[in-house]
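Heads up: the structure comes next, in structure tokens.
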Amino acid sequence: MFLPLLDLTAGSAFCSPSAAFFGYMGVACALIFSNLGSAYGAGKAGVGVAHLGILNPKLVVKGLIPVIMSGILGIFGLIVSIIISSNVTTGSGYSNHKGYSHLASGLAAGLSCLAAGLALGVAGDAGVRAYGKQPKIFVGLVLILIFGEALGLYGLIVALVTSLSDNGPKCLPPT
């Protein structure tokens, strides 16, 4: 694409030094929000597992599935943050477009994992309590948890596509 009026040298409006700040904010958002979702899901579902241990201690190991699935959400955020941080450069060549792209991918992964953690926590807590009273509900519980986990997976996919896309202006070294 030919854009003759754009100044794409380092330090210009399209290639400011603050672009790396937005990239690293994407790293922070991916880690913070995904770990918040993971912690909430594991904590809330863990309360249900403790209640399951009172109702039927033999079922506790199978009841740990929502806690394990919640822990995976933190790994999603870690993967995205490592990919973003390896692509952020503080020198020339890192444009505002790339910084905003990395911020958007961190927010996509982090906030979708937060939503998935909320879903896994609520469904996991109620599900394992119901499983303690009626073991036939186990397959339905696992299916519900899979759909909750899929929210985090969708955010991971969008974050990977967004952070690894290489379109947008390229910054040139100062002349």
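List of remarks:
Yes or no, residue by residue, for (1) outside any helix (DSSP H, G or I); (2) of a type in the set (A, V, I, L, M); (3) closer than 30 Å to Pro17 by Cβ; (4) at pLDDT 95 or above:
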{"residue": "Ser86", "(1), (2), (3), (4)": "no, no, yes, no"}
{"residue": "Gly93", "(1), (2), (3), (4)": "yes, no, yes, no"}
{"residue": "Lys98", "(1), (2), (3), (4)": "no, no, yes, no"}
{"residue": "Gly106", "(1), (2), (3), (4)": "no, no, yes, yes"}
{"residue": "Val128", "(1), (2), (3), (4)": "no, yes, no, yes"}
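- Selected residue (criterion: modelled with the lowest pLDDT) from residues of the stretch 150-175 that are farther than 21 Å from Gly106 by Cα and hydrophobic (A, V, I, L, M, F, W, C): Leu172
- Every pair of residues 6+ apart whose Cβ atoms lie under 7 Å, when the first sits in the stretch 82-105 and is farther than 16 Å from Pro169 by Cα and in contact (Cβ under 8 Å) with a residue 24 or more places away in the chain while the second is assigned to a helix (DSSP H, G or I) and among the β-branched types (Val, Ile, Thr): Ile84/Val27; Ser85/Val27; Ala104/Thr162; Ser105/Val80; Ser105/Ile84; Ser105/Thr162
- When residues in the stretch 75-116 are screened for being within 17 Å of the chain's Cα centre (by Cα) and of a type in the set (Val, Ile, Thr), 6 of them pass.
- Residue in the stretch 48-63 that is out of contact with any Gly (no Cβ under 6 Å at 6 or more places or on another chain), free of Cβ contacts under 8 Å to residues at least 24 places away in the same chain and not in a helix (DSSP H, G or I) present: no
- Residues within the stretch 147-175 that are assigned to a helix (DSSP H, G or I) and touching a residue at least 60 places away in the same chain (Cβ under 8 Å), tallied: 11
- Here Gly43 meets each of (1) surrounded by 15 or more Cβ atoms within 10 Å (Cβ to Cβ); (2) touching a residue at least 12 places away in the same chain (Cβ under 8 Å); (3) of a type outside the set (Asp, Glu); (4) in a helix (DSSP H, G or I) with one exception, condition (1).
- Apart from one condition, Phe147 fits all of (1) of a type in the set (A, V, I, L, M, F, W, C); (2) touching a strand residue (DSSP E or B) at 6+ places or on another chain (Cβ under 7 Å); (3) modelled with pLDDT of 95 or more; the exception is (2).
- Test: residue in the stretch 55-73 that is surrounded by 16 or more Cβ atoms within 10 Å (Cβ to Cβ), closer than 16 Å to Gly148 by Cα, among the β-branched types (Val, Ile, Thr) and out of contact with any Leu (no Cβ under 7 Å at 6 or more places or on another chain): yes
- Candidates Leu107, Leu120: the one that is out of contact with any His (no Cβ under 6 Å at 6 or more places or on another chain) and surrounded by fewer than 22 Cβ atoms within 10 Å (Cβ to Cβ) is Leu107.
The values are calculated or read from the model by the stated rules, or taken from the named source; none is laboratory data. Worth saying up front: this structure is predicted, and the values here are computed from it rather than measured. Positions of Cβ are backbone-derived with ideal geometry, glycine not excepted, and every protein chain shown enters the neighbour counts.
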